[in-house]
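**Q** First, the structure itself, so that you have it in front of you.
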There are 2 protein chains.
Amino acid sequence: MKARLEICLSGSGGQGLILAGIILAEAAGIYDGKEAIQTQSYGPEARGGASRSEVVISNDTIDYPKVIKSDILLALTQTACDKYIKNLNQDGILVADSTLVTEVPTVSNKKYLFPITETAQKKFGTKLVTNIISLGIIVGLTGVVSQEAIKKAVSSKVPVKAKEINEKALLLGFDIAKKLKAKEKESK
Amino acid sequence: MKARLEICLSGSGGQGLILAGIILAEAAGIYDGKEAIQTQSYGPEARGGASRSEVVISNDTIDYPKVIKSDILLALTQTACDKYIKNLNQDGILVADSTLVTEVPTVSNKKYLFPITETAQKKFGTKLVTNIISLGIIVGLTGVVSQEAIKKAVSSKVPVKAKEINEKALLLGFDIAKKLKAKEKESK
């Protein structure tokens, strides 16, 4: 794995991407023993409707804390996907919500499409766990942090009342990642 | 006011400083029309027991998103105060919890001491609003964001059930700031 990994979690306000970024950074920085920085930017850009939460994970001290080129891009809306795809590394991967991102950009990157929000609603009766399912998918696909670390970070950061549902949502994300990988193998 | 302002909110995990940082950044970036970046770092340092949430607010594009020298330092624990005081600008101000920070560093900076956590417990029966009272004090003392903006940001970011108590906590913070300023004038 690269010494410095940059993750961009993008969508719109209210999709829980700030919390997802914090959880990912804590998983890396507190439970996996790496360095991690999590950032939100607000300004003219954020007011445009696409919001993002950034995480940089490194084995060493992080000099520049913001994402320069993403290695992993999560896109939960079309607007966010269109905006941040330009910033995806050539060998970076795109994880997108297939219901909300209907026009997938024609880039040569690896793409993993799944109806994440819809699945959250169907399986758990609420879209609120979309962010945690997404984290499960990302970690399952990439191993950017260990599964143990992300489990601990999720448990420690979500409200006590919502702990069980979020833990299940994370496991579902791992499971979806497995299926997406299997599908990818088949199509080769 | 300076074109770039750097704020460091420090204490220990569980004191709600990440949320406070996010609220402050949203107040500046969404409601006051400025640029704002909010950052958390995790690594060996965070594992040492002192945690911090950083906010940079600027009238222009923010080149470097992390705090270099704080203009405002909030310290809610002795450990955090001892650690981050070194990074306070010469003309920067320190806001510290006077119950928890008993050994105030001998620096020439303006210092505002108040038993914030104790007041939260006494007035609201919970320490959970310490972060919001602190924001009220900071904004009341410095005007780093407008009172209107921070009110909107608090209302939009805290859980619906806790909205009223947090709005009251913010107003109490403004009030404490007024008293701290009056006390300062008297002592001159």
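**Q** Run the numbers on segment B:94-164 and let me know its relative contact order in percent, using alpha-carbon pairs under 8 Å that are six or more apart.
**A** In percent, rounded to a whole number, it is 20.
**Q** From the label point of A:Glu148, set 7 Å along Cα to the beta carbon, how far off in nm is each other copy's matching point, shortest first?
**A** Distances between equivalent label points, in nm: 5.3.
**Q** Let me make sure I get this right: for segment A:4-186, a, b and c are the square roots of the gyration tensor eigenvalues over alpha carbons, sorted descending. Under 1.5 in a/c it's rounded, otherwise prolate if a/b > b/c, else oblate. Which is it?
**A** Rounded shape, in that the Cα axes give a/c under 1.5.
**Q** Right, another one. Between copies, how close do the A:Lys168 label points come, placed 7 Å along Cα→Cβ, listed in nm from shortest?
**A** Once sorted, the set of distances for A:Lys168 reads 3.6 nm.
**Q** Only bridges whose two residues both fall in the protein assembly as shown count here: according to DSSP, what percent of them are antiparallel, nearest 5?
**A** 55 percent
**Q** Can you give the net charge of the other residues whose Cβ lies under 10 Å from the Cβ of B:Ile150, counting K and R as +1 and D and E as -1? Intermediate results must be reported in sequence, preceding the final value.
**A** On the way: positive: B:Lys151, B:Lys152; negative: B:Glu26, B:Asp32, B:Glu148.
My count for the surroundings of B:Ile150 gives -1.
**Q** Using a Förster distance of 41 Å, how high is the FRET efficiency between B:Ala3 and B:Glu118, based on the Cβ-Cβ distance and rounded to 0.05?
**A** About 0.65, to the nearest 0.05.
**Q** Given the protein assembly as shown reduced to its alpha-carbon atoms as identical point scatterers, what log10 I(q)/I(0) does the Debye formula return at q = 0.07, 0.08, 0.13, 0.14 Å⁻¹?
**A** Relative scattering, expressed as log10 I(q)/I(0), comes to -0.31, -0.40, -1.03, -1.18.
**Q** Rounded to the nearest 5, what is the percent of antiparallel bridges among the DSSP beta bridges in segment B:15-168?
**A** Numbers: 6 of 16 bridges.
For segment B:15-168, the DSSP antiparallel bridge percentage is about 40.
**Q** Just to confirm the numbers: A:Asp63, label point 7 angstrom along the Cα-Cβ line, distances to the other copies in nm, shortest first?
**A** When each copy's label point is compared with this one, the spacings are 1.6 nm.
A short reminder: the numbers here are calculations on the coordinates, not readings from a lab. Note that this is a predicted model, so its numbers are computed, not measured. In this analysis, Cβ positions are derived from the backbone assuming ideal geometry, glycine residues included, and neighbour counts consider all displayed protein chains.
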